1. Let me confirm something: among Arg70, Arg113, which residue is in the same structural domain as Glu153 (by TED's automatic domain parsing), closer than 23 Å to Met134 by Cα and out of contact with any Lys or Arg (no Cβ under 8 Å at 6 or more places or on another chain)?
2. Take segment 130-167 and flag every residue that is in a strand (DSSP E or B) and aliphatic (A, V, I, L, M).
3. For Cys8, all conditions in the list (1) crowded, with 18+ Cβ neighbours inside 10 Å; (2) outside the structural domain of Ser117 (by TED's automatic domain parsing) hold save one; what is the number of the exception?
4. For segment 204-219, how many residues are in contact (Cβ under 8 Å) with a residue 12 or more places away in the chain, of a type outside the set (Gly, Ala, Ser) and assigned to a helix (DSSP H, G or I)?
5. Where in segment 26-129 are there helices (runs of 4 or more DSSP H), lying wholly inside it, with at least 1 residues that are at pLDDT below 95, among the acidic types (Asp, Glu) and under 19 Å from the mean Cα position of the chain (by Cα)?
6. Go through segment 168-192 residue by residue and tally those that are in a helix (DSSP H, G or I) and at pLDDT below 95.
7. Of all residues in segment 26-67, how many are free of Cβ contacts under 8 Å to residues at least 24 places away in the same chain, hydrophobic (A, V, I, L, M, F, W, C) and out of contact with any Leu (no Cβ under 8 Å at 6 or more places or on another chain)?
8. Go through the residues of segment 149-165 one by one and say whether even a single one is modelled with pLDDT under 95 and either farther than 15 Å from Cys101 by Cβ or out of contact with any Pro (no Cβ under 7 Å at 6 or more places or on another chain) (or both).
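The values are calculated or read from the model by the stated rules, or taken from the named source; none is laboratory data. The structure displayed is predicted, hence computed values, not measured ones. Heads up, the Cβs are rebuilt from the backbone with ideal geometry, glycines too, and the neighbour counts pull from every protein chain shown.
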Amino acid sequence: MNLVIFDCDGVLVDSEMLYGRISAEQFTACGYPIDTESCIARFTGLSTPSMLAIVEAESGLVMPVDFAERCRAKANTVFDTDLQAVNGIDDVLARHAPRRCVASSSSPTRIRRSLKSTGLYGHFEDERIFSAAMVARGKPAPDLFLHAAATLEAQPGDCVVIEDSLPGVQAAVAAGMTVFGFTGGSHIRDGHADRLREIGVNRIFESMAELPALLDAVG
């Protein structure tokens, strides 16, 4: 193992319930009624452009050009007060120190703001934060993970990805990387672990306390 690649939302920070609520509110206000649970189930792990493409193709609606900015503005207010780090991740990052980076569907600004507001920013050098905005295709395409690996001079087969979402696992598998599925986030529902296994996750774990041993076993 040469590099551990962490997703951010749902792996480092417990943000998916918060962002699902924000996205559902904004979509509903724009004429596409959807509740938080449905938004989480359908769109977790996808970038905002990917979500918009799905909604517009399905509904025939054209979302406002400032849709992403509306979501960001609301997220800034909510996340700065309510966002929490995933339980146990700070201790894991402090005590276990493999080469690591972040590769997330969120924007670079959002990733950094989330890490700073939860006290995790110091665990990642700035040049080791990668966003879907840096590549042509977001998850479930492998582009983001391959970009992160290439930038940090790691072979895909020597990378372990820590993911919680179906698109994220699909991206890691397509990149030829080992992928561990984290199921301890507040947004995870019954049956999610089985769905992750079906699309090729190598290991499932529910507590961050399990992660160091899993990584050590990879070598």
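1. After applying the criteria, what remains is Arg113.
2. Hits for segment 130-167 are Val160, Val161, Ile162.
3. (2)
4. 6
5. By residue number, 36-43, 67-82.
6. Number satisfying all stated conditions: 1.
7. 9
8. Initially, segment 149-165 is screened for residues modelled with pLDDT under 95, giving 165.
Checking which are either farther than 15 Å from Cys101 by Cβ or out of contact with any Pro (no Cβ under 7 Å at 6 or more places or on another chain) (or both) leaves us with 165.
Scanning segment 149-165 turns up at least one residue that is modelled with pLDDT under 95 and either farther than 15 Å from Cys101 by Cβ or out of contact with any Pro (no Cβ under 7 Å at 6 or more places or on another chain) (or both).
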